[in-house]
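*Asks:* I am attaching a structure below and will ask some questions about it afterwards.
The values are calculated or read from the model by the stated rules, or taken from the named source; none is laboratory data. Since the model is a prediction, treat every value here as computed from it, not as a measurement. Glycine gets a Cβ as well: all are built from the backbone with ideal geometry, and neighbour counts include every protein chain shown.
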Amino acid sequence: MVSLVQLIGVSKKFGGASALQPTDLAFQSGLTTALIGPSGCGKSTLLRLIIALLQPDSGQVLFDGAEVNDANAQEIRRRVGYVIQEGGLFPHLTARANVLLMSRHLGHPAAEMKARLEELCALSQFPRDALERYPAELSGGQRQRVSLMRALMLAPEVLLLDEPLGALDPLVRSALQRDLKEIFARLKQTAVLVTHDMGEAAYLADEIVLMNEGRIVQRGSAADLRDHPANEFVSEFINAQRSVAF
Amino acid sequence: MKIGLLLGLVATSALAADPIVVGSKKFTESYVLGGIAKTVLERAGFAVQERAGMGGTIILWQALSGGQIDVYPEYTGTIDEEILKTKEPLSHEEMRTALEKFGVGMSTDLGFNNTYALVMRRTEAAKLGIQTISDLRRHPELKVGLTHEFLDRQDGWRPLATTYGLTMPNVSGIDHALGYAALARGAIDLKDAYSTDAKIQENDLVVLRDDRHFFPEYKAVFLYRLTIDPRAITALNHFGRIDEAKMISLNAAAERTKDYAFAASLYFHPTASDSAPRRDLWPKMARWTARHLQLAGISLLLSVLIGLPLGIVASRGGALGQTILAIVAMIQTIPSLALLALLVPVPFLGISATTAIVALLLYGLLPIVRNTATGLQDISPALRDSAIALGLEPGARLRKIYLPLASRTILAGIKTSAVISIGTATLAALIGAGGLGEPILSGLNLNDHTTILEGAIPAALLALLVQGLFDLLDRFLIPRGLRLGS
């Protein structure tokens, strides 16, 4: 099976400290993969390497079979959606302008943009009359919905989410988790989700990749990790989040 | 007939083509003589541009020999001592020969000598029958009050007394201005002065003739570039004479009315009334203000055009960024007067409005460069990552995201730069570029507070106005989304 995104022996150091040990990983199309692990385990670094916000010290990041480099980075980024904690919305632009930023930049036809925006509002349950508001005028949950719409605007082949719900209160968070699950299913979206919450990973992802100290410790379904932990660390990590009912 | 008409047209247009630039030094008499030269040339059919009160001898001489001005009034003694720096006084013919090497000509002397002189009350002199310095020998009882400078100078009181055999026992040192008051009260009977000082007329004093030619000659002349139209040279040499008494009265009129152009016109129309010398205040102030805004506005625009790109480069840090910030900060530490003086010898600048604008734009750079760099550096990494991850090219990131996000800080820098520019532009008058510095300078020169305020108050109001204008501009230029949070 050809994977859209593939990492071959990719490693990354910050200063002297190793953030990611040489790692091989491929993501299956149409599925949601969760990267999970304690802070500093290298899960965000891995995500940032995929979208070329970081360059690997060794190894290759392949996108659709081609190595990501300076020449094709711009084009590849436009085929990937990226959502971060707190949204990363531009405060000087309205919700609408944030979502349409790239389409307008690329000169897409107005009618097409309008139709896509309608579609996305419905999909992400975002009230259309709030489109003219600035990020400062939106709630945290609404900001994440706008951020998601912005990431989905160009119909990306892969959606990357870096702790997208990390800063939200529990009620908003669970509503958004439900909506995200539905959106992924409806769009058959290939998605990679970084989280430190086992419950969220289990709920949203088809496959979980558990990382520690820059290495992949175990890959599998939530049940696999629970029932057949690869080592002491895996069972400790899962037991630490014992409130989770899965 | 037709050919004659044609020649006439050619001649007229040639006259109108390049204005003759008349400069003057920064003291009353020089302003007045500059004004007289202007009228003389205008009456001869030339277009004239006046650069009044440009500075001291060195600046005027550099401007003349460098071709930024064509004519200015000078004194033979100064030509000897400061320009040609000769050991022995030269004759006028020797001076002309020496000046020719610089492409400069010297007019016939204008008719008066502005040198050191001894003065006394006219009534007292008449009573005692004193007309010359030699006559003083008969009156050793006179009380003498001299400026400290004149007392100490090599060519001052002591050699003078030796030359004339004066034996007054009662000689004291007194400040120049206070000396006139002491003379009027009768506390002293004799003091030193410049021979065309307006105070001589004001206090009804008389200048004693230097019958043994002790004092060096400071005959007034016009210096001009030899390349100007020969008819202009003829006009400057043959417009008439100005004697000491006339010059004293013109200087007195200038100091009384604070209007140099009016004082100069008195030479041509001695009967003109000076009862309403301030009639032109409002139009004059409007002209100064317009000029001031022009200087500050052009320099601000250039500061922005140069400062923004420099700030963008500086925001990226590294050796280049550090160097830019260091150089721009260093410029700011140069005193503005020194910066002007440094720029004057630069080719293509010289004594001109361009120099003033260059100086102002250099001063305006720091706030713009620093605020642009800081504003861009302060953008959160999350927003930078978002802009990159969306797939915007570097140029589009800057234009659509980074600059708007930094707009508040950048505008604050431009505002600071504008206010600095308005304030510093007053110094432009020092190199004859005009603006509200003009009344401030002549006011300082005349020790006249009203004239100083005519420049200082509008300048302060302008600075406030500009500040207010920029506050208003913030509302249009800073995106609404950025103003919500604060």
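*Asks:* Counting only residues that are under 24 Å from A:ASP206 (Cβ atoms) and within 14 Å of chain B (Cβ to nearest Cβ), which one in region A:160-181 is surrounded by the fewest Cβ atoms within 10 Å (Cβ to Cβ)?
*Replies:* The extreme case among them is A:GLY166.
*Asks:* Exactly one of these conditions fails for B:PRO347: (1) within 27 Å of B:SER24 (Cβ to Cβ); (2) touching a residue at least 24 places away in the same chain (Cβ under 8 Å). Give me its number.
*Replies:* Of everything listed in (1) within 27 Å of B:SER24 (Cβ to Cβ); (2) touching a residue at least 24 places away in the same chain (Cβ under 8 Å), B:PRO347 misses just condition (2).
*Asks:* Out of region A:144-173, which residues are of a type outside the set (D, E, K, R) and part of a helix (DSSP H, G or I)?
*Replies:* Listed by number, the residues that qualify are A:GLN144, A:VAL146, A:SER147, A:LEU148, A:MET149, A:ALA151, A:LEU152, A:PRO170, A:LEU171, A:VAL172.
*Asks:* Any idea which of B:LEU205, B:LEU223, B:LEU183 is of a type in the set (A, V, I, L, M), more than 29 Å from B:ALA52 (Cα to Cα) and touching a helix residue (DSSP H, G or I) at 6+ places or on another chain (Cβ under 9 Å)?
*Replies:* None of the others qualify; the one that does is B:LEU205.
*Asks:* Another question, if that's okay. If you take just the strands (runs of 3 or more DSSP E) that sit entirely in region B:145-247, which of them hold at least 2 residues that are farther than 26 Å from B:THR28 by Cβ?
*Replies:* B:171-173
*Asks:* Exactly one of these conditions fails for B:GLY435: (1) at positive phi; (2) modelled with pLDDT under 85. Give me its number.
*Replies:* All conditions pass for B:GLY435, except number (2).
*Asks:* Separate question: I need the full set of residues from region A:56-76 which are in contact (Cβ under 8 Å) with a residue 12 or more places away in the chain and either closer than 22 Å to A:GLN21 by Cβ or exposed (fewer than 12 other Cβ atoms within 10 Å of the Cβ) (or both), in order please.
*Replies:* Result: A:PRO56, A:ASP57, A:SER58, A:GLY59, A:GLN60, A:VAL61, A:LEU62, A:PHE63, A:GLY65, A:VAL68.
*Asks:* If you take the residues in region A:86-104 that are on the phi > 0 side of the Ramachandran plot and at the interface with chain B (Cβ under 7 Å from one of its Cβ atoms), which one is surrounded by the most Cβ atoms within 10 Å (Cβ to Cβ)?
*Replies:* If we take residues in region A:86-104 being on the phi > 0 side of the Ramachandran plot and at the interface with chain B (Cβ under 7 Å from one of its Cβ atoms), then A:GLY88 is surrounded by the most Cβ atoms within 10 Å (Cβ to Cβ).
*Asks:* Let me ask something additional. Which numbered condition trips up B:ILE233, out of (1) in the same structural domain as B:ILE130 (by TED's automatic domain parsing); (2) out of contact with any Phe, Trp or Tyr (no Cβ under 6 Å at 6 or more places or on another chain)?
*Replies:* In the conditions (1) in the same structural domain as B:ILE130 (by TED's automatic domain parsing); (2) out of contact with any Phe, Trp or Tyr (no Cβ under 6 Å at 6 or more places or on another chain), B:ILE233 misses (1) alone.
*Asks:* Just checking, how many residues over region B:278-299 are within 17 Å of B:GLY455 (Cβ to Cβ) and at pLDDT below 80?
*Replies:* 3
*Asks:* Out of B:ALA329, B:ALA382, B:ALA412, B:ALA418, report the one residue that is under 30 Å from A:ALA73 (Cβ atoms), at pLDDT 90 or above and of a type outside the set (Ser, Thr, Tyr).
*Replies:* Selected residue: B:ALA382, the only one of B:ALA329, B:ALA382, B:ALA412, B:ALA418 that is under 30 Å from A:ALA73 (Cβ atoms), at pLDDT 90 or above and of a type outside the set (Ser, Thr, Tyr).
*Asks:* Restricting region B:447-486 to residues that are assigned to a loop (DSSP other than H, G, I, E, B) and among the polar types (S, T, N, Q), which is farthest from B:THR416 (Cα to Cα)?
*Replies:* B:ASN447
*Asks:* Then there is this: Could you tell me which numbered condition B:GLU93 fails, if it satisfies all but one of (1) acidic (Asp, Glu); (2) part of a helix (DSSP H, G or I); (3) in contact (Cβ under 8 Å) with a residue 12 or more places away in the chain; (4) in the same structural domain as B:MET247 (by TED's automatic domain parsing)?
*Replies:* Single failed check for B:GLU93: (3).
*Asks:* Moving to a separate point now. Go through (1) within 14 Å of another protein chain (Cβ to nearest Cβ); (2) over 24 Å from B:TYR363 (Cβ atoms) and name the single condition B:LEU453 misses.
*Replies:* Here B:LEU453 meets the rest and fails (1).
*Asks:* Listed residues A:GLU157, A:GLU137; which is within 14 Å of chain B (Cβ to nearest Cβ) and in contact with a Lys or Arg (Cβ under 9 Å, 6 or more places away or on another chain)?
*Replies:* Going through A:GLU157, A:GLU137 in turn, just one is within 14 Å of chain B (Cβ to nearest Cβ) and in contact with a Lys or Arg (Cβ under 9 Å, 6 or more places away or on another chain): A:GLU157.
*Asks:* I'd like the full set of residues that are hydroxyl-bearing (Ser, Thr, Tyr) and surrounded by 19 or more Cβ atoms within 10 Å (Cβ to Cβ), limited to region B:116-160.
*Replies:* Within region B:116-160, B:TYR116, B:THR147 meet the criteria.
*Asks:* While we're looking at this one, here's another question. Being surrounded by fewer than 21 Cβ atoms within 10 Å (Cβ to Cβ), in contact with a Leu (Cβ under 9 Å, 6 or more places away or on another chain) and under 23 Å from B:LYS219 (Cβ atoms) is the filter here; which residues of region B:161-198 pass it?
*Replies:* Hit for region B:161-198 is B:TYR164, nothing else.
*Asks:* While we're looking at this one, here's another question. Give region B:49-81 a look and list any residue that's in contact with a Phe, Trp or Tyr (Cβ under 8 Å, 6 or more places away or on another chain) and under 16 Å from B:ALA220 (Cβ atoms), or say none.
*Replies:* B:LEU60, B:LEU64, B:VAL71, B:TYR72, B:PRO73, B:GLU74, B:TYR75, B:THR76, B:GLY77, B:THR78
*Asks:* Are any residues in region B:58-112 β-branched (Val, Ile, Thr) and over 19 Å from B:THR227 (Cβ atoms), and if so, which ones?
*Replies:* Within region B:58-112, B:ILE58, B:ILE59, B:THR76, B:THR78, B:ILE79, B:THR86, B:THR108 qualify.
*Asks:* Return the pair list, or none, for Cβ contacts closer than 8 Å from residues in region B:462-486 that are more than 9 Å from chain A (Cβ to nearest Cβ) to residues that are polar (S, T, N, Q) and in a helix (DSSP H, G or I), at least 6 apart or on different chains.
*Replies:* The qualifying pairs are B:LEU462/B:THR289; B:LEU477/B:SER407.
*Asks:* Going through region B:113-131 one residue at a time, which ones are in a helix (DSSP H, G or I) and closer than 8 Å to B:LEU208 by Cβ?
*Replies:* B:ALA125
*Asks:* Restrict the check to region B:242-255 and report whether at least one residue is modelled with pLDDT of 90 or more and among the acidic types (Asp, Glu).
*Replies:* No.
*Asks:* Pick out the one residue from B:GLY364, B:GLY318 that is farther than 30 Å from A:LEU161 by Cβ, touching a residue at least 40 places away in the same chain (Cβ under 8 Å), more than 20 Å from the chain's Cα centre (by Cα) and not assigned by TED's automatic domain parsing to the domain that holds B:GLU50.
*Replies:* On inspection, the qualifying residue turns out to be B:GLY364.
*Asks:* Considering region A:182-223 alone, what residues qualify as being surrounded by fewer than 16 Cβ atoms within 10 Å (Cβ to Cβ) and in contact with an Asp or Glu (Cβ under 9 Å, 6 or more places away or on another chain)?
*Replies:* A:ARG219, A:SER221
*Asks:* Follow-up. Take region A:31-70 and flag every residue that is away from chain B (no Cβ under 14 Å), of a type in the set (Gly, Ala, Ser) and over 19 Å from A:ASP197 (Cβ atoms).
*Replies:* Selection gives A:SER58, A:GLY59, A:GLY65, A:ALA66.
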